[in-house]
Amino acid sequence: MAQRGARGGGRSGSHISGRDAGDRNASQSYNDAESQPSSSVRGSNILEQVPSNPSKRKFIEVDSEKEFTDQISVIRAITCILKTMFDGPWTSWKKVDKEHRDAMWEHFKGLYVWPEETDVLARKVWEDCMKKRFPDVMRRAREASLKLAKAANVNASLEGDLNLLKDYRPNWIKKEYWEKMINEVWTTSKWKRLSQSGKNNRNKLEDGSVSKHTGGSISIRQHKKRMQAILKRPPTGVELYARLHTKRSTQEYITPKAAKVKEAYESAMVAKFGDDTSCHPLLDNETWCDVSGGVKKGRIYGFGSVSDPASFLEGTSSTITSQEVVYERVRNEMRGEMDAKAAEMEAKHQQMHVCSLAKYDGKLKSKGMRTEDDWMDMKRR
């Protein structure tokens, strides 16, 4: 079985020196490398066949960031599985029944292999990938339908009457399913309200700019992995932040706030750790929160869903998800309830035991026989 490769090199002096001046250079180097033609080609939507020889399955693992290694190719594979095995009026992953989920999971297991002891975790990560990918797949389906409608000179829009798209379904969704998805979900007032709310939030101006980041659809974890592979070391917090908040063409920050936070952070780090940037950590959470506005709705500005950017960058993140926090809380509550019930049952048992002894003693006395207490009294004398 394949072995996990070594993580990116440690913090050597060669990349630490001049870090404050190197952040922009590192980001530029990453952009240059990203702009080179990629050797990988985006796959088609044809379902990948399960190899007849199980040993030919691709080896993957769940990394410390709760993602599959080679996450991009895995996401493409599960998206292909979803579209090819799509067999219901599903507008969200929640609506996919267990039977179909299990069938998709079995096909995925036929393509990939991972350490057996991580099977439960692999299923959870796979489910998370499906859940996160589903809205984008649905959005692209509506966009593909709109494109077909416009090609047929139908005056339709995604903000307008989606009933006009009923005759222009994507070829991987059956007609009856497509019509039901439109009738029961996408034309309801609730869905339209939520859709408009999401659009307003995405288009909300911040310092005169709509765009919140320049990372595209790639997750911050994937950006970190790519930067680490190119730079041959873990990126610093400022390098990763610059990657996600600057324009590739000009390297300018997308909003005045984005630039101010970076400048304020660097100044605060010098004041806290000194001028020698080689003594600075990859990121200091406390300093970053101070200059960026703290934690809002469980998130730290500039780092998306990552709740502990410092540990995330070091590759030692041991943070747990909010769902895991809920699970632990429920477990603790259940333990408390079970302990309370056990104590209650023990008290009742003791009470029943005392009552039984009293009844037994009563019967003995009624027959003129000595009880256990009588024998104890005789021994004391």
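Only the coordinates and a few stated rules stand behind these numbers; no lab work does. In this text, all values refer to a predicted model and were calculated from it rather than measured experimentally. Counting neighbours? That spans all protein chains shown, and the Cβs are built from the backbone with ideal geometry, glycine included.
Note on Lys150 and Glu286: with the Förster distance fixed at 41 Å, the Cβ-Cβ geometry gives a FRET efficiency of about 0.20. Measuring against 32 Å, Cα to Cα, the residue pairs Lys166/Lys247; Lys150/Lys199; Lys190/Lys296 contain Lys166/Lys247 as the ones spanning a longer distance. Taking a straight line from the alpha carbon of Lys58, these lysines sit under 20 Å away, with near neighbours fewer than eight places off in the same chain left out: Lys66, Lys109, Lys124, Lys225. Remark: spin-label model distance Asp128-Lys95 equals 2.6 nm, labels positioned 7 Å along the Cα→Cβ axis.
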